[in-house]
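In what follows, a single structure is set out as structure tokens and then discussed.
The values are calculated or read from the model by the stated rules, or taken from the named source; none is laboratory data. Remember, predicted model here, so these are calculated numbers, not experimental data. In this analysis, Cβ positions are derived from the backbone assuming ideal geometry, glycine residues included, and neighbour counts consider all displayed protein chains.
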Amino acid sequence: MGSGMARNLLRAGHQVSVYNRTRAKAETLAGDGAQVAESIRDACRNAEAAITMLADDRAVEECAFGDEGITESLPKSAAHVSSSTIGTALARRLAAEHERRGQSFLSAPVFGRPDAAESRRLLVVVGGDSGCIDAFRPIFDAIGRQTFVAGPEPWQANAVKLCGNFMIASVLETFAEAFATLRKSRIDPKLFLEVMNALFASPVYANYGRIIAGEQFSPAGFKAPLGLKDVRLVLEAAREVAAPMPIASLIHDHLLAAIAQGQSELDWSSLARVSARNAGLD
């Protein structure tokens, strides 16, 4: 995801310094015009914005708060733009620490898989100070096809992202249950997918329906443990505001079952195998 976003920033004419804990991943961007940084401090030096796209809360915490991390290294008046899918509690912690240091913080998570990142088809959801959002809108325009402002608090963008991923996970769960029933009814799931595509005309239904119908779970575009992490985070966000999410709880348990049954390296849509097994199918 981060590589595609960085390439689109370069294509838009931005000067980009890249850092990855696995240096080889950063070096693949050198041919596109990026400068490869030796450290987070090196990447943040003289930067107007530090954009992070990391796997989970722990990775963001290490890069932001670790020795010579982003909070220590970013110049005053610069901004940290977090595009990672993280919890609302961590977003509030990041906002407070950056404010304490005279820096800005925006949450700007994105919707889309790696191919959407490469082709600038991401949807960007941003939260934070309106003036700061306006100042960095060229960044959002460079990486995505549309930008939505969630509200004046950065964590509000994370709440939108987590609830959005829950909706996608709900699509996976409903396809899983429907396909199990159809297979036991001797009906081709691909025929059902055609009907659903005509009914909903949604790329989410079309793409994930195709993946599940064809059982194309590897290579994973989004691994099952990451999906479990996102559903766990949306449940935590819901608890913060006392909003029950029983379907999210069900999906959490099905993703957990998928991982327990050896599907950690498969796409999160492989939770369909849980419903298939529950129905007595291979």
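Just a few scattered comments:
- Every residue from region 11-31 that is exposed (fewer than 15 other Cβ atoms within 10 Å of the Cβ) and in contact with a helix residue (DSSP H, G or I) (Cβ under 6 Å, 6 or more places away or on another chain): A12
- For region 112-191, the helices (runs of 4 or more DSSP H) that sit wholly inside it and include 3 or more residues that are of a type in the set (S, T, N, Q) are 154-184.
- Enumerated helices (runs of 4 or more DSSP H) restricted to region 34-97, each holding at least 2 residues that are over 30 Å from F166 (Cα atoms) and in contact with a strand residue (DSSP E or B) (Cβ under 7 Å, 6 or more places away or on another chain): 40-44
- Under the condition of being surrounded by 13 or more Cβ atoms within 10 Å (Cβ to Cβ) and basic (K, R), the residues counted in region 183-205 number 2.
- Filter pass, R7 being surrounded by fewer than 18 Cβ atoms within 10 Å (Cβ to Cβ), modelled with pLDDT of 95 or more and of a type outside the set (A, V, I, L, M): no
- Meets criteria (under 25 Å from C163 (Cβ atoms) and either part of a loop (DSSP other than H, G, I, E, B) or assigned by TED's automatic domain parsing to the domain that holds L10 (or both)) for A26: no
- Residue match in region 88-111 (condition: hydrophobic (A, V, I, L, M, F, W, C) and modelled with pLDDT under 95): no
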